[in-house]
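Enquirer: For reference, the structure I am asking about is given below.
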Amino acid sequence: MFKNKSMKHKLIMSVMVASATLGLALVVPTFTGSNGDVTAAASGGYKYNGKTYKTEKEMFAAVNNSMSPKEKKEIAANKKQEQAAQARAEKAVYGSVNKSATTAAKKAAGEKVKPAKKVNKKKSVKKYAYKVSKLTSKKTKSNKYVKVSGTIKVSTKSLAAKHHAKWARITTYKGYKYVRLNKHNNFKATIKAPKAKHTWAKAGYYTKNMKHGKVIKKHGKIVYTFHLLSTSKKVAVKAYK
């Protein structure tokens, strides 16, 4: 029936690849020849060269082991051409290659398929011009007030050159308090907050709110916007000693 063993194996592998690609049940017909037969047994097993295999994978593994290196090379080249033709056909129909169908064909052929690599998308971290360092918070002797002090340092020079930090915003459970930075970018404040357990601080600057080229006022006072230039730093309020 076949001129040589290679032709028989090519046909076997082609049937397998085509069946897996099209999503059809794999039916292996009987191939006869001087080099061995492959049959689909009625019981569901598969026969090759007189031996019965439970699964098609085992049967094709036996077929593969019986081939010479030259035959394997020829079949590999033939399979590559088939896959390339399949990819072109899928691209013409769907606009892109159906990777899942190609993967199914490879698995049916007994080939190892590498699992898809998981791409971990890292969340972009926003850069700030400044950072708050050496932040301290301590209760006074009366326990009615909290003394807060800290230092603002440059963390990104290019951003700090665009906007200079001039204020520190201190937060307690009572709300915000804005403190002007000195020439060394230090700040300190005493805040009435008898139940304070934590204190937060951020650096920033003010701008006047404008509309149609005019300064916005509310109840006769200019409205300002505070622009943050650092992340928030948190510290626990220490007891008075």
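The values are calculated or read from the model by the stated rules, or taken from the named source; none is laboratory data. Given the structure is predicted, the values throughout are model-derived calculations rather than measurements. Glycine gets a Cβ as well: all are built from the backbone with ideal geometry, and neighbour counts include every protein chain shown.
Enquirer: Take the range 136-195 and flag every residue that is hydroxyl-bearing (Ser, Thr, Tyr), under 17 Å from Thr231 (Cα atoms) and in a loop (DSSP other than H, G, I, E, B).
Expert: Selection gives Ser155, Thr156.
Enquirer: For the range 117-135, how many residues are of a type in the set (Val, Ile, Thr) and touching a Lys or Arg at 6+ places or on another chain (Cβ under 8 Å)?
Expert: Initial filter on the range 117-135 (of a type in the set (Val, Ile, Thr)): 119, 125, 132.
Right, trim to touching a Lys or Arg at 6+ places or on another chain (Cβ under 8 Å) and you get 132.
Residues in the range 117-135 being of a type in the set (Val, Ile, Thr) and touching a Lys or Arg at 6+ places or on another chain (Cβ under 8 Å): 1 in total.
Enquirer: Starting from the range 217-241, keep only residues that are under 13 Å from Val148 (Cα atoms), then list their pairs with residues that are of a type in the set (Gly, Ala, Ser) whose Cβ atoms are within a distance under 7 Å, requiring at least 6 positions of separation or different chains.
Expert: Once the first residue is under 13 Å from Val148 (Cα atoms) and sits in the range 217-241, its partners that are of a type in the set (Gly, Ala, Ser) give Lys233/Ala201; Val235/Ser137; Val237/Ser137; Val237/Ala196; Lys238/Ser137.
Enquirer: Sticking with this structure for a sec: Which pairs have Cβ atoms under 7 Å, sit 6 or more apart or on different chains, and link a residue in the range 153-167 that is surrounded by 14 or more Cβ atoms within 10 Å (Cβ to Cβ) to one that is outside any loop (DSSP other than H, G, I, E, B) and of a type in the set (Gly, Ala, Ser)?
Expert: Lys153/Ser133; Val154/Ala160; Ala165/Ala203; Ala165/Gly204; Trp167/Gly204
Enquirer: Give Glu90, Glu71 a once-over and let me know the one that is over 30 Å from Ser155 (Cβ atoms), assigned to a helix (DSSP H, G or I) and either within 30 Å of the chain's Cα centre (by Cα) or modelled with pLDDT of 85 or more (or both). Talk me through it step by step, then tell me what you get.
Expert: Working: Glu71 fails: either within 30 Å of the chain's Cα centre (by Cα) or modelled with pLDDT of 85 or more (or both).
Every option except Glu90 fails the conditions.
Enquirer: Follow-up question, since we're still on this one. If I ask for residues that are over 26 Å from Val154 (Cα atoms) and not β-branched (Val, Ile, Thr), which ones from the range 179-216 would you list?
Expert: Within the range 179-216, Lys192, Ala193, Pro194, Lys195, Ala196, Lys197, Asn209, Met210, Lys211, His212, Gly213, Lys214 qualify.
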